[in-house]
Amino acid sequence: MKHIKNIISIIFLTSILFSCSSLKTALYDHYSYQKTVEIKVETSSLIDKATTPYNEHLKEIGELGMDIQKIIEYEKNKPNNEITYAMWKVLADKDKNLLVGFFKRWKEKGELKPFFVKEAKSQIMEAIDLLLKYEGKKDKEAKKKLLELITE
């Protein structure tokens, strides 16, 4: 009987340890995934308009900026979510050459050259795709790629 209690205790402790270690990364969150997809689609559409005057798109740019701030605030407050939160901060950094940095450049230049828009769009979409892959899978490969981008 004592032997059975020991086995049950070991199984119980093992299950606790495994459950704790698996929670170090935030679990899949449908809301985060959905909002990231929405922001990606809106961003893609808006980037395509960057060859026209910035001032003609102030409302759309402002709405996208607000959506980005909302997702950052949401991600910031989720437990075990440091990587996704850090990536959103990189995307929102006006001094980086990604999402908000692109809109800063567009504002400064008034309108952008098509070749620049095409190249910038591919980089921004790739970064958002990495975030989506990580959010969807939460696997080691997606995590590694996202961490590489964050630490560049």
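Of all alpha-carbon pairs in segment 62-117, indicate the percentage at a distance above 15 angstrom. All intermediate terms of the calculation are to be shown ahead of the outcome.
Numbers: 824 of 1540 pairs.
Distances greater than 15 Å cover 54 percent of the Cα pairs.
Calculate the length of the line joining the C-alpha centroid of segment 101-148 to that of segment 52-70, in whole Å.
Their Cα centres are 17 Å away from one another.
Would you list the P(r) distribution for segment 58-152, with all Cα-Cα distances sorted into 5 Å bins from 0 and each bin expressed as a whole %?
Once binned at 5 Å, the Cα pair distances of segment 58-152 give 2, 13, 21, 25, 19, 11, 6, 2, 0.
Size of the dipole of segment 30-73 about the Cα centre, Lys and Arg at +1 and Asp and Glu at -1 on the beta carbon, nothing else charged, in debye to 20? Spell out each step's value before the answer.
Details: 5 positive and 8 negative charges, 16 e Å.
Its charge dipole is roughly 80 debye.
Hey, rough spin-label estimate for residue 111 and residue 149, points 7 angstrom out along Cα→Cβ, what's it come to in nanometres?
Computed distance between label sites residue 111 and residue 149 equals 3.0 nm.
Report the gain in length on full extension from residue 125 to residue 67: 0.36 nm times residue separation, minus Cα-Cα distance, nm rounded to one decimal. Don't jump to the answer; show the numbers that get you there.
Details: separation 58, 0.36 × 58 = 20.88 nm, distance 1.66 nm.
Answer, rounded to one decimal: 19.2 nm.
Assigning unit charges at the beta carbon (Lys, Arg +1; Asp, Glu -1) and nothing else, what dipole magnitude in debye, to the nearest 20, does segment 26-150 show about its Cα centre? Let's see the in-between values first.
Working: 24 positive and 22 negative charges, 53 e Å.
Using only the charged Cβ atoms, the result is roughly 260 debye.
So who's got an amide H within less than 5 Å of the one on residue 49, skipping anything under 5 residues away but keeping other chains? H placed 1.01 Å off N, in plane.
Here the answer is none, since no amide H 5 or more places off falls under 5 Å of that of residue 49.
Quick note: the coordinates plus some simple rules give every number you see, no bench work behind them. Predicted, not measured: the structure shown is a model, and the values here were computed from it. Positions of Cβ are generated from backbone atoms using ideal geometry, with glycine treated the same way; all protein chains shown enter the neighbour counts.
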